[in-house]
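Novice: Sharing a structure below in structure tokens format, with a few things to ask.
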Amino acid sequence: MGKQQWCLRVNRQGAEAVRRALLDEGTLDKSLKIRPDGDELLFPVISECEGSMLAEFEELHQRVPLPRHELVGGIAILAEDDIIGAAAILADRPSVHTALFAESAVEGEFRTKRFRILAGEETTATIHTEYGRTFRIDLEKAYFSARLASERQRIAAMMNEGEEVLDMFAGVGPFAVILAEKASIVWACDLNPEAVSLLIENIARNRVSNVIPVLADAASLPEVYGRRFDRVIMNLPLMAETFLPAASLLCKPGGMIHFYALVADEEDDTPILSRIPIRAMEKRFVRSYAPGRSHVVYDIVVE
Ligand code: SAM
């Protein structure tokens, strides 16, 4: 059964600004659920005011289930384009400052997405914490996924102290900064200047002194370095395969390449195996990506 309450009728386009203003004034009736009405939203207010009207609202006695979303720092990325759900997330989670909806898949060389702001602050930037390390992220400027957090810990756990590491596609530096704890040095390369700029900030904010940011095309690294590393990280799913010959030139014999890929579940590994001299290889499931398709990692010991 609904409850009659005074409310303001607002066009969806300006709705977020009004919601914030009502929250700031303390006039939004938070015990009632904001209601859609065609192209407009009805905001329940605590008392009659200019332009208000009476309408019936659902009471928020119980916790409303929040829409499906992923958290990156203070940003919630919703699975659906859901402005009401976005407002519910902001009301429910004090640490969330912005709710976004991805208007595109990952695209282009820099592997970024385009986002629309559904609610909260007008930004795609935030601070994300992963296992005690903090990272400045700007989702529209540079790739970041929180979903590889346990993968980064797995690699850190299998490392020996003092290893020399190369991250060929470093982004804003989550692998590089986390692996730096055990490594003697980590070279962190990316083609995207915005990613490298955030990487530099992340090196500083975590006070690591053994990560070297490199703005370069990973294909040119064998010529630049003329030397080899104990461990090479290749996190560029869909496209990393073409860089495997370069990676094998950059990895010491007996060293390890971590090669991430998106593969169909029954896919044959032979093309990957044939590109470089391999002593041993283990394929691991990282997470499911789409029906019949998985994000996997090949841990490759180079011959
Ligand atoms: N490793 C990071 C992480 O886990 O958050 C970023 C991975 S993201 C999937 C791939 C990164 O590779 C992007 O930041 C993109 O800019 C970079 N990239 C794409 N092509 C590249 C190239 N030819 N050389 C160096 N970096 C490249």
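The values are calculated or read from the model by the stated rules, or taken from the named source; none is laboratory data. All values reported here derive from a predicted model rather than from experimental measurement. We place every Cβ from the backbone using ideal geometry, glycine too, and count neighbours over all the protein chains shown. The protein model used for the area step is the full one, side chains on, heavy atoms only, and it has no ligands, DNA or RNA in it. Shrake-Rupley method; radii C 1.70, N 1.55, O 1.52, S 1.80 Å.
Quick grid of which residues meet (1) more than 11 Å from the ligand (Cβ to nearest atom); (2) among the acidic types (Asp, Glu):
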position	(1), (2)
Glu107	yes, yes
Glu121	yes, yes
Ala156	yes, no
Ile178	no, no
Pro193	no, no
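Novice: So which strands (runs of 3 or more DSSP E) are wholly in the stretch 1-102 and hold at least 3 residues that are more than 27 Å from Arg147 (Cβ to Cβ)?
Specialist: By residue number, 3-11, 35-37, 40-44, 53-57.
Novice: Let me ask something else. Can you name the number of the only condition in (1) farther than 30 Å from Lys113 by Cα; (2) out of contact with any Phe, Trp or Tyr (no Cβ under 8 Å at 6 or more places or on another chain); (3) open to solvent by less than 10 Å² (accessible area, probe 1.4 Å) that Pro253 fails?
Specialist: Every listed condition holds for Pro253 apart from (3).
Novice: Let me ask something additional. Please find, within the stretch 39-55, the residue that is farthest from Asp29 (Cα to Cα) out of those that are of a type outside the set (Val, Ile, Thr) and open to solvent by 90 Å² or more (accessible area, probe 1.4 Å).
Specialist: Applying the first criterion (of a type outside the set (Val, Ile, Thr)) to the stretch 39-55 yields 39-44, 47-55.
Of the ones still in play, those that are also open to solvent by 90 Å² or more (accessible area, probe 1.4 Å) are 39, 48, 50.
Values: Asp39: 21, Glu48: 11, Glu50: 16 Å.
So, considering only residues that are of a type outside the set (Val, Ile, Thr) and open to solvent by 90 Å² or more (accessible area, probe 1.4 Å), the one farthest from Asp29 (Cα to Cα) is Asp39.
Novice: Here is a further query. Spot the failing condition for Arg228; the list is (1) loosely packed, with under 15 Cβ neighbours inside 10 Å; (2) over 20 Å from Gln153 (Cβ atoms); (3) of a type in the set (D, E, K, R); (4) at pLDDT 90 or above, and only one is missed.
Specialist: Status for Arg228: all satisfied but (1).
Novice: Give me the pairs: first residue in the stretch 139-152 and within 16 Å of Leu199 (Cβ to Cβ), second residue more than 8 Å from the ligand (Cβ to nearest atom) and in a helix (DSSP H, G or I), beta-carbon distance under 7 Å, and six or more apart or on different chains, which are they?
Specialist: Lys141/Glu194; Ala142/Glu194; Ala142/Leu198; Arg152/Ile178
Novice: Applying the selection to the stretch 159-174, what residues are touching a residue at least 24 places away in the same chain (Cβ under 8 Å) and either more than 8 Å from the ligand (Cβ to nearest atom) or more than 22 Å from the chain's Cα centre (by Cα) (or both)?
Specialist: Residues satisfying the conditions are Met159, Asn160, Glu163, Glu164, Val165, Leu166.
Novice: Also, I was wondering about something else. Return yes when Phe169 is in contact with a Gly (Cβ under 8 Å, 6 or more places away or on another chain), among the aromatic types (Phe, Trp, Tyr) and closer than 22 Å to Ala261 by Cα and no when it is not.
Specialist: When the stated conditions are applied, Phe169 does not pass them.
Novice: Follow-up. Looking at Leu179, Leu139, can you tell me which residue is more than 11 Å from the chain's Cα centre (by Cα), within 27 Å of Ala219 (Cβ to Cβ), modelled with pLDDT of 95 or more and not small (Gly, Ala, Ser)?
Specialist: The unique qualifying residue is Leu179.
Novice: Within the stretch 106-114, identify whether any single residue is free of Cβ contacts under 8 Å to residues at least 24 places away in the same chain, in a loop (DSSP other than H, G, I, E, B) and acidic (Asp, Glu), and answer yes or no. Steps first, please.
Specialist: Looking only at the stretch 106-114, we keep the residues that are free of Cβ contacts under 8 Å to residues at least 24 places away in the same chain, and these are 107-108.
Okay, now just the ones that are also in a loop (DSSP other than H, G, I, E, B), so 108.
Still in the list and also acidic (Asp, Glu): none.
Within the stretch 106-114 (the criterion being free of Cβ contacts under 8 Å to residues at least 24 places away in the same chain, in a loop (DSSP other than H, G, I, E, B) and acidic (Asp, Glu)), the answer is no, since none of the residues qualifies.
Novice: So if I check each of Val172, Val196, Val165, which one is β-branched (Val, Ile, Thr), within 20 Å of Thr98 (Cβ to Cβ) and open to solvent by less than 40 Å² (accessible area, probe 1.4 Å)?
Specialist: The conditions single out Val172.
Novice: Does any residue in the stretch 242-271 that is within 15 Å of Gly292 (Cβ to Cβ) come within less than 9 Å, Cβ to Cβ, of a residue that is polar (S, T, N, Q) and modelled with pLDDT of 90 or more six or more places away or on a different chain, and which pairs are these?
Specialist: Final answer for the pair search is none.
Novice: When you look at Val10, is it within 30 Å of the chain's Cα centre (by Cα), of a type in the set (A, V, I, L, M, F, W, C) and open to solvent by less than 60 Å² (accessible area, probe 1.4 Å), yes or no? Walk me through how you get there before you give the answer.
Specialist: On the way: within 30 Å of the chain's Cα centre (by Cα): no; of a type in the set (A, V, I, L, M, F, W, C): yes; open to solvent by less than 60 Å² (accessible area, probe 1.4 Å): yes.
So Val10 fails the test.
Novice: If you take the residues of the stretch 237-246 that are open to solvent by 20 Å² or more (accessible area, probe 1.4 Å) and either touching a helix residue (DSSP H, G or I) at 6+ places or on another chain (Cβ under 7 Å) or more than 12 Å from the ligand (Cβ to nearest atom) (or both), which of them is farthest from Val186 (Cα to Cα)?
Specialist: In this case the residue turns out to be Glu241.
Novice: A further question follows. Please go through the stretch 256-274 and pick out each residue that is outside any strand (DSSP E or B) and open to solvent by 20 Å² or more (accessible area, probe 1.4 Å). Full working, then the answer.
Specialist: Our first condition is that a residue be outside any strand (DSSP E or B); within the stretch 256-274, this holds for 265-274.
The answer is Asp265, Glu266, Glu267, Asp268, Asp269, Thr270, Pro271, Leu273, Ser274.
Novice: Here are some residues: Ala79, Ala17, Ala105. Which one is under 30 Å from Ala216 (Cβ atoms) and open to solvent by 20 Å² or more (accessible area, probe 1.4 Å)?
Specialist: Ala105
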